[in-house]
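> One structure is given below, represented as structure tokens, and several questions about it will come after.
Taken together, the values in this text are just the output of simple stated rules run on the coordinates, not laboratory data. Fair warning: this is a prediction, and the values are worked out from it, not measured in the lab. Don't worry about glycine lacking a Cβ; one is built from the backbone with ideal geometry, like all the others, and counts go over all protein chains shown.
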Amino acid sequence: MSEEYQSPVTLAELARMLMKLDDLLITCMRCGFCQSVCPVYGETFREADVTRGKIALLEDLAHELTLDADNVNDRLNRCLLCGSCESNCPSGVKIMDIFIRARAIVAGYRGLGAIKKLIFRTVLPRPRLFNFMIGVSSAFQWPFLRRASEKIGTSRAPILNPVLGHRHIPSLPSKTFSAAHGQIAEPGTNGQVALFPGCVPDKIFTQMSEASLKILKHHKVGVFMPDNLVCCGIPSLASGDIKSFIKLTSQNLAALAAKPFDYLVTPCATCGSNIKENWYRFIDRFSPAERTLIEQLHTKTLDITAYLVRVLKVDFKPVTNGTLAVTYHDPCHLKKGLGISAEPRAILKSLPGYKFVEMPEADRCCGNGGSFNLFHYDLSKSIGQVKRDNIVSVKPKIVATTCPACTLQLMDLLSQNKDEIEVKHVAELYAETL
């Protein structure tokens, strides 16, 4: 192998990972149900882009890696990790488990690029450095930005098109949520939660975190947020960097172990899914003490909308005289991953002054997929255009969701199409009524 492809893990570990993958692959019956629900296949109609095609590739992964590791990596990364295939699989194949472990094998064989290493291993584990970088970027962003939509809150950055493409993006806040608040230890009489804002609600959409804090305080819930929380690890995991994922998870576990809490609550659907499912998926990589906390978090991690409905049992009575139309987009990680869809709708239907309208295919993937949007923007945008058309068809003033990544995608799509439709988190809309 060339120096570029020297394996960062031992051959013995790669062999163990391949054996585990083989055990998972045998459950796939090649029925093809995944074709009808895969957003990527729906655009390209390439068998290599659908789950069945990727599983065929993985059946002889070791051989394929030695032939062309870059091609294997590219084919595996043409996936949103949206979970549509797994949630509709009649055989119950653990497809997300398969793809995540396969990416780890590929990354373990070929290594990571320098930029990913810098982000995953230097920036994400250091919250103060991350906050400093956001603060500096915020201070110097304005000469580069050109307002695209005042209502949606997006801008263009023509000078950065070689990096950002032609995306319409939100501006950065002057201070992150965590930098503004530091450690939070708010007392309460109605239970105790650990608030996990997640990177995007902390660094970009701080209003989502502020709304969550306001809601919890309004309902007299005690709130604990350590000042040393880091990324939940999903970007590292999606790139196959298990080492960074384990490190970030361990840092968060140490921070969360500082105080007892009843539930971990987050406004980020992706963070909630990752903490609940992926931390648990790799539980054997952690110490006994960490495993105990991971097992607890597997059962007591909740999206804030589910926490309000299921735990606090807030009485969200539907209103019938609202006039401001609001619709809802189901994030894949929330509905397909965690089975949460009725709770955000119950909140939206109760908001005074609003009229809830259901869009067609509300749970259709918006096409963001985190890093998928960065490396396959044209395909991501093409998938998202269908979502945009479905939103516009019901003529809302606001489209609500519960995922910051989806919010970025919807803002970009609606702004580029000159649709003056605001995008807001369900928690923001509820907090405005308190």
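> Which one of I283, I304, V265 has its Cα pushed farthest toward the positive end of the charge dipole of the stretch 242-329, where Lys and Arg give +1 and Asp and Glu give -1 at the Cβ?
So the residue furthest toward the plus end is I283.
> Here's another thing I want to ask about it. Which of (1) -0.32, -0.41, -0.73, -1.08; (2) -0.31, -0.42, -0.85, -1.27; (3) -0.24, -0.33, -0.71, -1.25 is the computed log10 I(q)/I(0) by the Debye sum over Cα atoms at q = 0.06, 0.07, 0.10, 0.13 Å⁻¹ for the structure on display?
Given (1) -0.32, -0.41, -0.73, -1.08; (2) -0.31, -0.42, -0.85, -1.27; (3) -0.24, -0.33, -0.71, -1.25, the structure-derived one carries the label (3).
> What is the sum of charges around S149, taking Lys and Arg as +1, Asp and Glu as -1, for the other residues whose C-beta is under 13 Å from the C-beta of S149?
My count for the surroundings of S149 gives +1.
> How many nm separate the modelled label positions at D68 and V123, each set 7 Å beyond the Cα in the direction of the Cβ?
3.1 nm
> At a threshold of 8 angstrom on Cα-Cα distance, excluding pairs fewer than six apart, so keeping six or more, what relative contact order does the stretch 349-411 reach in percent?
37 percent
> Given the options F132, F196, F245, which has the most mean-square fluctuation in a GNM of the chain, springs set between C-alpha atoms less than 10 angstrom apart?
Of F132, F196, F245, the most mobile in the Gaussian network model is F132.
> Excluding A180 itself, calculate the net charge of residues whose Cβ lies under 12 Å from the Cβ of A180, where each Lys or Arg counts +1 and each Asp or Glu counts -1.
-1
> Just report the Cα centroid separation between the stretch 302-334 and the stretch 360-434, whole Å.
Between the Cα centre of the stretch 302-334 and that of the stretch 360-434, the gap is 17 Å.
> Quick one: divide the alpha-carbon radius of gyration of the stretch 324-432 by 2.2 N^0.38 Å and tell me what you get.
1.00
> To continue, here is another question. When I234, I294, I398 are ordered from fewest to most other Cβ atoms inside 10 Å of their Cβ, what list results?
I398, I294, I234
> May I pose another question? What percent antiparallel are the DSSP beta bridges of the stretch 145-238, to the nearest 5?
Of the beta bridges lying entirely in the stretch 145-238, close to 70 percent run antiparallel.
> Just from its helices, what would the mean residue ellipticity at 222 nm be for the chain, if runs of 4 or more DSSP H residues each count -39500 (n - 2.57) and the sum is divided by every residue, rounded to the nearest 500 deg cm²/dmol?
Using -39500 (n - 2.57) per qualifying helix, the result is -13500 deg cm²/dmol.
> Here's another thing I want to ask about it. Where does the charge balance sit around D412 when Lys and Arg score +1, Asp and Glu -1, over other residues with C-beta under 10 Å from its C-beta?
+3
> Which of C79, A107, V123 sits closest to the plus end of the dipole of the stretch 76-126, meaning its Cα is farthest towards the positive end, when Lys and Arg get +1 and Asp and Glu get -1 on the C-beta?
My answer, from the dipole projection, is V123.
> Ok, one more. Using the number of other C-beta atoms within 10 angstrom as an exposure proxy, rank T433, T266, T407 with the fewest first.
Ordered from fewest to most neighbouring Cβ atoms within 10 Å, T433, T266, T407 come out as T433, T407, T266.
> Okay, next question. Of the DSSP beta bridges with both residues in the chain, give the percent that are antiparallel, rounding to the nearest 5.
25 percent
> What's the exposure ranking of H298, H218, going from fewest to most Cβ atoms within 10 Å?
Taking fewest neighbouring Cβ atoms as first place, the list is H218, H298.
> Hey, another quick one. Could you list, in their original order, any pairs among K217/K336; K220/K335; K381/K418 whose Cα atoms are separated by more than 21 Å?
Pairs exceeding 21 Å: K217/K336; K220/K335.
> Assuming a ≥ b ≥ c are the square roots of the Cα gyration tensor eigenvalues, decide whether the stretch 178-311 counts as rounded (a/c under 1.5), prolate (otherwise, with a/b larger than b/c) or oblate.
prolate
> Using +1 on the beta carbon of Lys and Arg, -1 on that of Asp and Glu, and nothing else charged, what's the dipole of the chain about the Cα centre, debye to 20?
880 debye
> Moving on. Gaussian network model of the chain, Cα springs within a sub-10 Å range: biggest mean-square fluctuation belongs to which of I26, I215, I98?
I26
> Only Cα pairs under 8 Å and at least 6 apart count here; give the relative contact order of the stretch 178-311 as a rounded whole percent.
About 27 percent, as a whole number.
> Would you work out if the stretch 286-378 is rounded, prolate or oblate? Take a ≥ b ≥ c from the square roots of the eigenvalues of the alpha-carbon gyration tensor; rounded if a/c is under 1.5, else prolate when a/b is larger than b/c, oblate otherwise.
Judged from the Cα gyration tensor, the stretch 286-378 comes out oblate (a/c at least 1.5, b/c at or above a/b).
> Using Cα-Cα distances under 8 Å and only pairs 6 or more residues apart, what relative contact order does the chain have, in percent?
RCO, the chain: 15 percent.
> Sticking with this structure for a sec: Which of G153, G339, G198 ends up with the largest GNM mean-square fluctuation for the chain, with Cα atoms connected below 10 Å?
Result for the chain, Cα springs under 10 Å: G339 fluctuates most.
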